[in-house]
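Q: The structure follows.
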Amino acid sequence: MDALKKIIAVVMSLVLGIYGLFGLTSGISDDYEEGKYKNVILMIGDGMGFNHVKATEDLRNVDLVMNDMPVLLTSDIDSFLIPATDSAAGGTALSTGMRVWINSVGVYPFDPFSADDINVPLTLGELVKADGKATGVVTTDKTSGATPSDFSAHTYARGNEEEICADQLTNGFDLIWGGATESINKENTAANGWTYVDNEDDLMALEAGSRSFGQFNFDDLKYVKNEHNTPTIEEMTEKAIEILDANDEGFFLMVEGACIDKHSHSNDMDNVVLSTEEFDKAVAAALEFAEKDGETLVVVTADHATGGIQYNEETGEYYFTHDTHDIIDVPVYVSATDAGFTAGKAVANRDIPTQIARVMGYGKDQFPATSASLK
Ligand SMILES: [Zn+2]
């Protein structure tokens, strides 16, 4: 059996290596300084394609700040071996620099249906934490949703909520905030050294440098109503930056606008554009901090687009063409021209976190760390 697993491992490495040759990497250049950026804020509009952005600007009559960022390029959405993905594999490519099976959260399993022989690549948050920086995860999904889990947990299936929550409780992150999930409560967070908050007032009262698990009314996060003392994604982003910035070494923060995807699945255009506009307000908050700070890079992208939004030139209408994930490239917006991302070019999704690691000063021997527990 061991011999068979070794053979599978070797074949997988070969396949990954050959596959890697076809990756689009021209969007990454050598034109950057290693370690130039002390802090990085990675913002993921779940399900947000180019037409989501365009529809929001047209239908809401707004100029989205992400569209004014100085560098725009495109990213593919490939998961392991196929040019399609879900939020689990899509987020894992963005958190670990590794393409994995659809459904996998921060792991590279040899068998997609088994907990045996899981290979655990390092996430960006874990990388910076081990170096003394602060790290946080903010989402409008539940905290155990696929994207926040990709950055803060490791398991072979996104539905393994108990495993995800156990990882999140013990991973030493500085903050994890989003919609409520059953496996997390005041007792088990306190037992693991977290301050637990479940409303906006308590969230805003948190002190810089504190460690907190935040779980809020999920319906409010989904519909941007804020009727139950629930923070918006913009407020969570501002507060998270304030808390993490207390660490002199720097920080990595992931912010996910999850509802763009959810409303795209249900073909609810009004709420799609509302969610995209809300997400953009959070981007504005991150950019405002980055400009003041001078050592912070902001990267905005998507794990995939959803709903196949099209525009009818004659009627001026936007419409959905399906209710699942698209197989098209997504936008990548970068807040600076000196971070090695080249405007107008294409990049492989897994190269986005790798380049983030480089500008934070982590070399090839540190990230991606693909074989931490390879047997
Ligand atoms: Zn989705």
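Q: Extending each Cα 7 Å along its Cβ direction at ASN267 and ALA191, get the distance between those two points in nm, one decimal.
A: About 4.6 nm, to one decimal.
Q: While we're on this one: What list of ³J(HN,Hα) couplings, whole Hz, do you get for the stretch 38-53 from phi and the Karplus terms 6.51, -1.76, 1.60, once you set θ to phi - 60° and write x for glycine and proline?
A: 6, 10, 9, 10, 9, 10, 10, x, 5, x, 8, x, 4, 6, 5, 5
Q: Using modelled backbone amide H atoms (1.01 Å from N, in-plane), which distant-in-sequence or interchain residues come within less than 5 Å of LYS142's amide H?
A: Amide H neighbours of LYS142, under 5 Å, 5+ apart: GLY179.
Q: Give the residue from TYR223, THR74, PRO121 lying farthest towards the positive end of the charge dipole for the stretch 25-359; charges sit on Cβ (+1 for Lys and Arg, -1 for Asp and Glu) and the dipole is referred to the Cα centre.
A: Working it through, the farthest residue towards the positive pole turns out to be PRO121.
Q: Within 10 Å of each residue's Cβ, count the other Cβ atoms and sort GLU163, GLU227, GLU33 from fewest upward.
A: GLU227, GLU33, GLU163
Q: Right, something else. Starting from the 7 Å offset along Cα-to-Cβ, what nm value, one decimal, do you get for the label separation of THR337 and GLU288?
A: 2.6
Q: A follow-up question, please. What whole number of Å gives the distance from the Cα centroid of the stretch 31-73 to the Cα centroid of the stretch 307-375?
A: Cα centroid of the stretch 307-375 versus Cα centroid of the stretch 31-73: 10 Å apart.
Q: Compute the FRET efficiency between LEU81 and MET204 as 1/(1 + (r/R0)^6), taking r as their Cβ-Cβ distance and R0 = 45 Å, and round to the nearest 0.05.
A: 0.50
Q: Now for a separate question. Determine the sum of side-chain charges near LYS36: Lys and Arg each +1, Asp and Glu each -1, restricted to other residues whose C-beta is under 12 angstrom from that of LYS36.
A: -3
Q: Arrange ASP46, ASP198 by Cβ neighbour counts within 10 Å, fewest through most, would you?
A: The fewest-first ordering by Cβ neighbours comes to ASP198, ASP46.
Q: Rounded to whole Hz and in sequence order, give me ³J(HN,Hα) for the stretch 224-236 from the Karplus expression 6.51 cos²θ - 1.76 cosθ + 1.60, θ = phi - 60°, writing x for Gly and Pro.
A: My calculation for the stretch 224-236 gives 6, 8, 6, 8, 10, 6, 10, x, 7, 5, 5, 5, 5 Hz in order.
Q: Please list 3J(HN,Hα) in residue order for the stretch 69-76, calculated via the Karplus relation 6.51 cos²θ - 1.76 cosθ + 1.60 where θ = phi - 60°; whole Hz, with x for glycine and proline.
A: 5, x, 10, 10, 9, 10, 10, 7
Q: Which FRET efficiency, nearest 0.05, do TYR319 and ASP219 yield, Cβ-Cβ r, R0 22 Å?
A: 0.25
Q: Return the Cα extents of the stretch 112-202 along principal axes one, two and three, sorted largest first, each rounded to a whole Å.
A: Sorted from largest, the Cα extents of the stretch 112-202 read 43, 31, 25 Å.
Q: If I take every Cα pair under 8 Å that is 6 or more residues apart in the chain, average their sequence separation and divide by the length, what percent do I get for the relative contact order?
A: Result for the chain is 33 percent.
Q: Compute the separation of the alpha-carbon centres of the stretch 148-173 and the stretch 233-274 and state it in Å as a whole number.
A: Cα centres, the stretch 148-173 to the stretch 233-274: 19 Å.
Q: Further question on the same structure: Whose amide H sits under 5 Å from the amide H of ILE118, counting only residues 5 or more places off or on another chain, with H placed in the peptide plane?
A: HN-HN under 5 Å from ILE118: empty list.
Q: Let me have the relative contact order for the stretch 67-162, percent, based on Cα pairs under 8 Å that are six or more residues apart.
A: 27
Q: Still on this structure, I have one more. Once the cut-off is 33 Å, how many percent of the Cα-Cα pairs in the chain end up in the long-distance tail?
A: Above the 33 Å cut-off, the chain has 23 percent of its Cα pairs.
Where a number appears in this text, it was derived from the coordinates with a stated rule and is not lab data. The shown structure was predicted, so the numbers you read here are calculated from the model rather than taken from an experiment. Here the Cβ is made from the backbone with ideal geometry for all residues, glycine too, and neighbour counts use every protein chain on show.
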